[in-house]
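So the structure is just underneath, and the comments pick up after that.
The values are calculated or read from the model by the stated rules, or taken from the named source; none is laboratory data. Predicted model only: the values in this text are computed from it and were never measured. Cβ coordinates were reconstructed from backbone atoms using ideal geometry, including for glycine residues, and neighbour counts include every protein chain displayed. Remember, those area values only see protein heavy atoms, side chains included, never the ligands or the DNA or RNA. Shrake-Rupley method; radii C 1.70, N 1.55, O 1.52, S 1.80 Å.
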Amino acid sequence: TETPIYEKEYLGAKRPDKKIGTRIQGIKDGVQITINIVMAIDIDQIEIFAKSFAHDHDGFFSWFGHSRVGEGFAVSQLKKIMKANPEFYKLTPNYQIIYWGGCNSYSYFTTPFFNLKAEINPINDPNGTKGLDIISNGLPAIAQLSDANAKTIFAALFNWQDHLSYQKIIDKIQKNSEGFLRKESSLINVLGDEDNN
């Protein structure tokens, strides 16, 4: 089923009744699946992430937009939002995956998020890597490939019976950039997978 997502679901809503996305729900192989596709100019991207990561506790979050030179998803901003609204936001020790598809996300959005996960579960997850895997870009993202990269990651996640390794997923994402206008290819990496079972 498809239902609209309205701005009022987010604490930073300026136009509560504005449709900003679509929620797709269904069952696959006995597993309840919910996909939220959101795009909003009125809501800052950190608020979109905060709701997914620290309120809904989604198992997967991806972003195919600007990193804003590290300010788009700064952990300091997330902590500020959480502190202002502790009844709405709370981190979970549950396993989550983030795909930062924006520019140079390796430099901006990796270690701080592992540290954040480690803070909430220091005994069982002292490095924050048991509860989090991050796919990031070591080079500027090619915006025109966002659609192809999104399709690649979602195909891997929703065809879980194929058991694709991160290496195979990355190979497919990097293949998307072959023959593109710029000389260098993508530089996709995965962090946090060293202690996956």
Checklist entry - Which sequence of LEU139, LEU145 reflects their accessible areas, 1.4 Å probe, from the largest down? => result LEU139, LEU145
Item to check | Per residue Cα convex hull volume in Å³ - calculated over the chain | outcome: 132 Å³
Checklist outcome for this item: Expressed as a whole-number percentage, the relative contact order of region 1-45 with C-alpha contacts under 8 angstrom and at least six residues apart is 36 percent
Checklist entry - Looking only at ILE134, ILE37, ILE98, which one moves most when the chain is put into a Gaussian network model with springs between Cα atoms under 10 Å? => result ILE37
Checklist entry - Is the shape of region 44-90 best called rounded, prolate or oblate, per the rule: a/c under 1.5 gives rounded, else a/b larger than b/c gives prolate, else oblate, with a ≥ b ≥ c the square roots of the Cα gyration tensor eigenvalues? => result oblate
Item to check | Once exposed loop trypsin sites (Lys or Arg not before Pro) are cut out (DSSP; at most 10 other Cβ, 10 Å), longest piece of the chain | outcome: 1-181
Checklist entry - What FRET efficiency comes out for the pair SER107/LYS14, r = Cβ-Cβ distance, R0 = 35 Å, nearest 0.05? => result 0.70
Item to check | Sum of -39500 (n - 2.57) over DSSP H runs of 4+, divided by residues of the chain (222 nm, nearest 500) | outcome: -8500 deg cm²/dmol
Next on the checklist: If each residue of separation counts as 0.36 nm, what is the full-extension length gain between ARG68 and ASN85 once their alpha-carbon separation is subtracted?
Outcome noted: 3.7 nm
Checklist entry - Which shape class applies to region 123-180: rounded if a/c is under 1.5, otherwise prolate when a/b exceeds b/c and oblate if not, where a ≥ b ≥ c are the square roots of the Cα gyration tensor eigenvalues? => result oblate
Next on the checklist: Just want the answer: with Cβ charges of +1 for Lys and Arg and -1 for Asp and Glu, which residue in GLN77, ILE27, GLY59 is farthest toward the dipole's positive end in the chain?
Outcome noted: GLN77
Checklist outcome for this item: Of the listed links LYS79/LYS151; LYS18/LYS168; LYS14/LYS117; LYS8/LYS172; LYS18/LYS80, those spanning more than 28 angstrom between alpha carbons are LYS79/LYS151; LYS18/LYS168; LYS14/LYS117; LYS8/LYS172
Next on the checklist: Quick check: from the Cα gyration tensor, does region 101-197 come out rounded (a/c under 1.5), prolate or oblate?
Outcome noted: oblate
